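Asks: The structure under discussion is supplied below as structure tokens; questions concerning it will follow.
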Amino acid sequence: MKARQSISYLVLFGVMVVATTGCKSFVRKPVQKELPPGTPQYLLSMKGEGWGTGVDVRGEYKQDMRIDDVLEEHDLKRKFKNMDIQIIRRVPESGQFVKMPVIYKAADRAVKPEQDYAIHPNDQIIVKQVINTMLDRFIDQIAPNTPR
């Protein structure tokens, strides 16, 4: 009887751990699709839990494509509950690079409309998974802006 009770507690504990921390080991890394030569492209750099240094994938640029479209196309809204997003774009006139931060609202599962920037060919979109556990939220309440 005690063995059954111990196993039940162990299973319950395992379910609680997965529910509170998320189980990212089941998330597959994206695979590069073959693009015809000369196809306008953007570079999507993703860093997810358990992915090591990250994954770079070239995506096909489409007319009127926006950040939210890129997230949908690569299924990142499902893979990452919360994320930091940044666009790096080269300004043709000066050759300088511009970084444009994008705020993703996890509660709405969408990019803020005023930051749903249009994608240009050769843009680099950097998406980093943000792990936001119960402990993170607790620390944010006690000591906001604490680096982790």
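Asks: Treat each spin label as a single point 7 Å out from the Cα along the C-beta direction, and report the K99 to I139 distance in nm.
Replies: Between K99 and I139, the simple spin-label model gives 2.1 nm.
Asks: Using the Karplus equation 6.51 cos²θ - 1.76 cosθ + 1.60 (θ = phi - 60°), what ³J(HN,Hα) coupling, rounded to whole Hz, does each residue of the range 69-85 give in order, writing x for Gly and Pro?
Replies: Using θ = phi - 60°, the values come out as 5, 5, 4, 5, 4, 9, 6, 6, 5, 7, 6, 10, 5, 9, 7, 9, 10 Hz.
Read-outs throughout are calculated quantities, based only on the coordinates presented, and are distinct from any laboratory measurement. It should be emphasised that the depicted structure is a prediction, and the values quoted were computed from it without experimental measurement. Quick reminder, even Gly has a Cβ in these numbers, built from the backbone with ideal geometry, and neighbours come from all protein chains shown.
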